[in-house]
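Q: Pasting in a structure now, in structure tokens, and then I'll have a few things to ask.
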Amino acid sequence: MTPTPATPPSPTDRPAQRPRIAVIGAGAIGRMHIGHMAQRTDMTLAAVVEPTPAGRLWTESLAVPVFADHLAMLEAVRPDAAIVATPNATHVDVAIDCLRHGAAALVEKPVADTLDEARRLLAAEQEYGLPVLVGHHRRHNPILRRARDIVASGRLGTVLSATALATFLKPDSYFDMAWRRQAGGGPVLINLIHDIDLLRFLMGDIQSIQAFSANTARGFEVEDTAAAILRFKSGALATLSVSDATTAPWNWDLASGEAEHYPRQSINSHYISGTHGSLTLPQLEVWSYPGARGWHDPLTQERSALHRGDPYQEQLRHFRALVTGEENQPVCSVQDAMRTLEATLAVRTAALTGQLVSLAA
Ligand SMILES: NC(=O)c1ccc[n+]([C@@H]2O[C@H](COP(=O)([O-])OP(=O)(O)OC[C@H]3O[C@@H](n4cnc5c(N)ncnc54)[C@H](O)[C@@H]3O)[C@@H](O)[C@H]2O)c1
């Protein structure tokens, strides 16, 4: 293992093959990352940071140093990289501290909770020259990679329309935590952000947004349901429906089965339509006309092989490759994640104001 430098390394001075990676925040997703890291031999879990005694109890079985404070960990351990799996509002401060101490960062989504904060991280990324990857993990799902290839191949012609469904039910106990009942803690910023990022990954940047939201089911300050219309720079239009109060299976998590803690349903949640074909996700069915084209003619359905693979594992593999310098383009950069954040915040603004929101050019 390469000795860890006391000062931030230059981008050409990357750690060797088995980087030492710390996990900051041992909550739901931090534990998942730790579990995935344990299956790999090409990286080492260097340390865990968790401020709560209850959270630290969970870490007791891990044979690594555990800290209550990330700065103390960064000073003492000097990891090559860190996974920032803390609450949204802390992402930028913690990630910048990592960069200052010479550690590359995998920052969980959303990259920040405001655009100003995201810009601060972008500036730090440029200042320190270390890789920062944002955890929009769906981009690492082979299903989505295949979908992107199909769209890019031109088989669908010009993509004109897309529909994304994110309807599911959060159990009553989910709302025991006060922040989840308050503005900002709802399905637009927590869940719809994934669907917006998915559509951006397939269809490019978004130009403008209109939206409605409602709290009809629970009456909390936060929305339980929202509907948005997106215009892409390409000219394509998309409609998105999200609700965390519905008895419904139509959402990516259940349809793709990409995380073990959700039961997999063999259904679709996303529909992309172009002038010459349509694509469903995650089933990867391509619909097209084999001969004459028109709504009186029969469409055929072709099914691509389903490429199953754990996107969280693939994300870790990619993060390691960024840290060692074997790869140098983050699949989701800070700048890219900032655009997804901007669009997601715009859904909320559009719903609150009733106005169309245009995004930065
Ligand atoms: N990509 C995904 O699939 C996915 C899934 C869930 C959550 N997330 C994101 O991961 C982040 C964490 O979400 P979660 O569901 O794991 O939350 P969580 O509340 O379960 O865990 C967060 C943990 O961070 C700890 N923490 C708080 N401040 C800290 C600090 N300064 N330093 C170190 N630890 C600190 C908390 O004590 C807690 O244990 C959020 O940004 C969330 O949006 C991503």
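Q: State whether one or more residues within the range 34-46 are without any contact (Cβ under 8 Å) to a residue 60 or more places away in the chain, within 14 Å of the ligand (Cβ to nearest atom), within 23 Å of Val134 (Cβ to Cβ) and part of a helix (DSSP H, G or I). Steps first, please.
A: Residues of the range 34-46 without any contact (Cβ under 8 Å) to a residue 60 or more places away in the chain: 34-35, 38, 41, 44-46.
So of that shortlist, the ones also within 14 Å of the ligand (Cβ to nearest atom) come out as 34-35.
In the following step, the residues that additionally are within 23 Å of Val134 (Cβ to Cβ) were identified as 34-35.
Those still in the list that are part of a helix (DSSP H, G or I) too: 34-35.
Within the range 34-46 (the criterion being without any contact (Cβ under 8 Å) to a residue 60 or more places away in the chain, within 14 Å of the ligand (Cβ to nearest atom), within 23 Å of Val134 (Cβ to Cβ) and part of a helix (DSSP H, G or I)), the answer is yes, since at least one residue qualifies.
Q: Restricting the search to the range 308-361, which residues are surrounded by fewer than 18 Cβ atoms within 10 Å (Cβ to Cβ) and of a type in the set (S, T, N, Q)?
A: Of everything in the range 308-361, those that are surrounded by fewer than 18 Cβ atoms within 10 Å (Cβ to Cβ) and of a type in the set (S, T, N, Q) turn out to be Gln313, Asn328, Gln329, Ser333, Gln335, Thr349, Thr353, Gln355, Ser358.
Q: So which residues in the range 137-155 are in contact (Cβ under 8 Å) with a residue 60 or more places away in the chain and of a type in the set (S, T, N, Q)?
A: Asn141, the sole residue that qualifies.
Q: Given the conditions (1) outside the structural domain of Ala82 (by TED's automatic domain parsing); (2) out of contact with any Lys or Arg (no Cβ under 6 Å at 6 or more places or on another chain), and given that Val111 satisfies all but one, which numbered condition is not satisfied?
A: In the conditions (1) outside the structural domain of Ala82 (by TED's automatic domain parsing); (2) out of contact with any Lys or Arg (no Cβ under 6 Å at 6 or more places or on another chain), Val111 misses (1) alone.
Q: Turning to a different aspect of this structure: Residues of the range 174-216 being open to solvent by less than 20 Å² (accessible area, probe 1.4 Å), under 23 Å from Gln355 (Cα atoms) and away from the ligand (no atom under 16 Å from the Cβ), which ones?
A: Passing the criteria: Leu199, Ile206, Ser208, Ile209, Ala211.
Q: With the condition kept exactly as written, say whether any residue in the range 236-251 is touching a Lys or Arg at 6+ places or on another chain (Cβ under 6 Å), in the same structural domain as Leu169 (by TED's automatic domain parsing), without any contact (Cβ under 8 Å) to a residue 40 or more places away in the chain and not basic (Lys, Arg).
A: No, the range 236-251 contains no residue that is touching a Lys or Arg at 6+ places or on another chain (Cβ under 6 Å), in the same structural domain as Leu169 (by TED's automatic domain parsing), without any contact (Cβ under 8 Å) to a residue 40 or more places away in the chain and not basic (Lys, Arg).
Q: Just one of (1) in contact with a His (Cβ under 6 Å, 6 or more places away or on another chain); (2) within 12 Å of the ligand (Cβ to nearest atom) trips up Arg146, so point out which.
A: (2)
Q: Please state which one of Pro87, Pro15 is modelled with pLDDT under 95, outside the structural domain of Leu189 (by TED's automatic domain parsing), away from the ligand (no atom under 14 Å from the Cβ) and out of contact with any strand residue (DSSP E or B) (no Cβ under 6 Å at 6 or more places or on another chain).
A: Of the residues listed, the single one that is modelled with pLDDT under 95, outside the structural domain of Leu189 (by TED's automatic domain parsing), away from the ligand (no atom under 14 Å from the Cβ) and out of contact with any strand residue (DSSP E or B) (no Cβ under 6 Å at 6 or more places or on another chain) is Pro15.
Q: Can you name every residue in the range 61-70 that is touching a helix residue (DSSP H, G or I) at 6+ places or on another chain (Cβ under 8 Å) and surrounded by fewer than 20 Cβ atoms within 10 Å (Cβ to Cβ)? Working first, answer last.
A: Of all residues in the range 61-70, those touching a helix residue (DSSP H, G or I) at 6+ places or on another chain (Cβ under 8 Å) come to 62, 65-68, 70.
Answer for the range 61-70, where residues must be touching a helix residue (DSSP H, G or I) at 6+ places or on another chain (Cβ under 8 Å) and surrounded by fewer than 20 Cβ atoms within 10 Å (Cβ to Cβ): Leu62, Pro65, Val66, Ala68.
Q: Out of all the residues in the range 71-118, which are open to solvent by 30 Å² or more (accessible area, probe 1.4 Å), closer than 19 Å to Arg31 by Cβ and assigned to a helix (DSSP H, G or I)?
A: Matches in the range 71-118: Asn88, Thr90.
Table: residues versus (1) under 27 Å from Glu342 (Cα atoms); (2) at pLDDT below 95.
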residue	(1), (2)
Gly30	yes, no
Glu60	no, yes
Ala63	no, yes
Leu74	no, no
Cys98	yes, no
Ala104	yes, no
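Q: While we're here: Here are some residues: Gln182, Gln207. Which one is assigned by TED's automatic domain parsing to the domain that holds Glu285, over 29 Å from Phe319 (Cβ atoms) and at pLDDT below 95?
A: Values: Gln207 fails: at pLDDT below 95.
Being assigned by TED's automatic domain parsing to the domain that holds Glu285, over 29 Å from Phe319 (Cβ atoms) and at pLDDT below 95 holds for just one of Gln182, Gln207, which is Gln182.
Q: Search the range 217-253 for residues being more than 17 Å from Thr349 (Cα to Cα) and crowded, with 21+ Cβ neighbours inside 10 Å, and hand back the single one that is farthest from the chain's Cα centre (by Cα). Show your work before the answer.
A: Going through the range 217-253, the residues more than 17 Å from Thr349 (Cα to Cα) turn out to be 217-220, 232-238, 243-253.
Subset that is crowded, with 21+ Cβ neighbours inside 10 Å: 236, 238, 243-244, 251-252.
Values: Ala236: 22, Ala238: 19, Ser243: 18, Asp244: 18, Asn251: 15, Trp252: 12 Å.
Among residues in the range 217-253 that are more than 17 Å from Thr349 (Cα to Cα) and crowded, with 21+ Cβ neighbours inside 10 Å, the one farthest from the chain's Cα centre (by Cα) is Ala236.
Q: For Val134, are the conditions met, namely being within 16 Å of the ligand (Cβ to nearest atom), closer than 30 Å to Val66 by Cβ, open to solvent by less than 20 Å² (accessible area, probe 1.4 Å) and assigned to a strand (DSSP E or B)?
A: Numbers: within 16 Å of the ligand (Cβ to nearest atom): yes; closer than 30 Å to Val66 by Cβ: yes; open to solvent by less than 20 Å² (accessible area, probe 1.4 Å): yes; assigned to a strand (DSSP E or B): yes.
The answer is yes for Val134.
Q: Of all residues in the range 47-60 being open to solvent by less than 20 Å² (accessible area, probe 1.4 Å) and in a helix (DSSP H, G or I), which is farthest from the ligand (Cβ to nearest atom)?
A: Thr59
Q: Take the residues in the range 61-77 that are of a type outside the set (A, V, I, L, M, F, W, C) and in contact with a strand residue (DSSP E or B) (Cβ under 8 Å, 6 or more places away or on another chain); name whichever of them is farthest from the ligand (Cβ to nearest atom). Write out each step before concluding.
A: Going through the range 61-77, the residues of a type outside the set (A, V, I, L, M, F, W, C) turn out to be 61, 65, 69-70, 75.
Checking which are in contact with a strand residue (DSSP E or B) (Cβ under 8 Å, 6 or more places away or on another chain) leaves us with 65, 69-70.
Values: Pro65: 14, Asp69: 7, His70: 5 Å.
Checking each candidate, the answer is Pro65.
The values are calculated or read from the model by the stated rules, or taken from the named source; none is laboratory data. All values reported here derive from a predicted model rather than from experimental measurement. Please note: Cβ atoms are built from the backbone with ideal geometry, for glycine as well, and neighbour counts cover all protein chains shown. Ligands, DNA and RNA are excluded from the accessible area calculation, which covers all protein heavy atoms including side chains. Shrake-Rupley method; radii C 1.70, N 1.55, O 1.52, S 1.80 Å.
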